[in-house]
Ligand SMILES: Cc1cc2nc3c(=O)[nH]c(=O)nc-3n(C[C@H](O)[C@H](O)[C@H](O)COP(=O)(O)OP(=O)(O)OC[C@H]3O[C@@H](n4cnc5c(N)ncnc54)[C@H](O)[C@@H]3O)c2cc1C
């Protein structure tokens, strides 16, 4: 068996894996990233389909935050163009644009009257300024304490979908935290697709003496005397041993247990992973058309359907994502629950019916280009923030990515935070070459 030696071995080239590898390569650690897929980026990548550029998951990334700061720190280009961060609610066949200031209160009073809107806004203000609501009830159940109004509940259902979580799955405290963290945030998309953006990190890793190998699966994590010693991979047609001072897994905490062997973890940790790392499911339908299906350039929330739904007329801002003369509308919806057994086909059918009702002339104007369902080991998020630590009970074995996010904004910022935390821990504990 061939043997190679690195300072750090990273399993998985998603935002978490590439982020931590770029930071460590930049600090001078000899870093290897292995990715089992033929492309990098994981759920933040893109592919070409019938002349359209489609995402493997994420379409937007926060700008001016931790992701952009990570790219800047390692000297990577950040080819992201801003997106109009405006919301519009499509309810009862009418559109209600929601201006950033005072928009929520106005929308609530339109549907529920001044008094109820004031009561809800006061509860939200308390949650922002004093104490977040409990994590023990869903935002749906929390709201029922303040309102029974179906339209008001629909508005919040739409706001939860903006966080890409189901209304009944999202704990009240987490909803409020994400609402607060998201207020005033800006975002953009990579006009050449997320694959091009993630390749900017690959360029840095290569330039700093590291390596990113796609099409290479980590078969196991080597553990001796309670310490991670490296990984076994199938590379260049043979099994190779990669010795490393630290192993970082971006494959998600459940996969990390399998790779390192459950017998190497203590029972408490196994229980935490089992009970707290619960993946969230989501769906996307990409629609092609000759003319825009929705004229609003920001986020169109359609919360009254069978499934909570958000639409974006993507090519109004990024015409590059469609071939000339064509348009792309992307719609996202949460299935009924992430934590109960689900029939993916039925969920998709209901989602499609909602789209048919939300878009006038759907059958004559829209073509379903692509439909995706995310769950289990390829989910929307691997866990809600704050589930478990990035460190595992095995010394020098870390997790990164959205399964181990701290209490920060969801998605890519969460992954970048985990990369920063792990890179700075390694920098303090292990020296390059010596590790
Ligand atoms: C539909 C959808 C829309 C989203 N929209 C947004 C958005 O607009 N903004 C936002 O910030 N976030 C969004 N997100 C969330 C965001 O995409 C994810 O949080 C983020 O991409 C997760 O990155 P990660 O590094 O944790 O994991 P992943 O991207 O899953 O990367 C892990 C990688 O590890 C690889 N791997 C696994 N096992 C092995 C192995 N044994 N050997 C080698 N490689 C392995 C996998 O192939 C994968 O490439 C969205 C997600 C989805 C699904």
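Read-outs throughout are calculated quantities, based only on the coordinates presented, and are distinct from any laboratory measurement. Computed from a predicted model, the values in this text were never measured in an experiment. Here the Cβ positions follow ideal geometry from the backbone for every residue, glycine too, while neighbour counts run over all protein chains shown.
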* How big is the gap, in Å, between the Cα center of segment 163-193 and the Cα center of segment 304-324? -> 17 Å
* To do: Measure nothing but the geometry: give the 0 to 90° angle between the long axis through the Cα atoms of 344-358 and the longest principal axis through the Cα atoms of the chain, rounded to 10°.
  => 40 degrees
* To do: Quick one: among 364, 45, 424, which has the greatest mean-square fluctuation in a GNM of the chain with alpha-carbon springs under 10 angstrom?
  => 364
* Structure fact -> Under the helix-only model (-39500 (n - 2.57) for each DSSP H run of 4 or more, divided by the residues of the chain), the mean residue ellipticity at 222 nm, to 500 deg cm²/dmol, is -10500 deg cm²/dmol
* **GNM top mover of 79, 360, 409 - the chain, alpha-carbon springs below 10 Å** => 360
* Distant alpha-carbon pairs in segment 152-219 (separation over 17 angstrom), percent -> 64 percent
* Cα-based helix-to-principal-axis angle, 114-129 vs the chain, degrees rounded to 10 -> 20 degrees
* Structure fact -> If each part is reduced to its alpha-carbon centroid, segment 114-136 and segment 19-67 end up apart, in Å, by 37 Å
* **Label-to-label distance, nm, for residues given as residue 214 and residue 114 (7 Å Cα→Cβ offset)** => 5.9 nm
* Asked: Between the helical axis of 412-429 and the dominant principal axis of the chain, each derived from Cα atoms, what acute angle in degrees is found, rounded to the nearest 10?
  -> 30 degrees
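Just the Kirkwood number for segment 101-175, please: inverse of mean 1/r across all distinct Cα pairs, in Å, one decimal. Don't jump to the answer; show the numbers that get you there.
Values: mean 1/r = 0.0806 Å⁻¹.
After inverting the pairwise mean of 1/r, the radius is 12.4 Å.
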* Structure fact -> With the label point 7 Å along the Cα-to-beta-carbon line of residue 50 and a cut-off under 15 Å to each amide N, the hits in segment 298-336 are 322-331
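Percent antiparallel among DSSP beta bridges with both residues in the chain, to the nearest 5?
Working: 53 of 77 bridges.
About 70 percent, rounded to the nearest 5.
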* Simple label model, 7 Å out from Cα along Cβ direction - residue 3 to residue 148, nm -> 7.2 nm
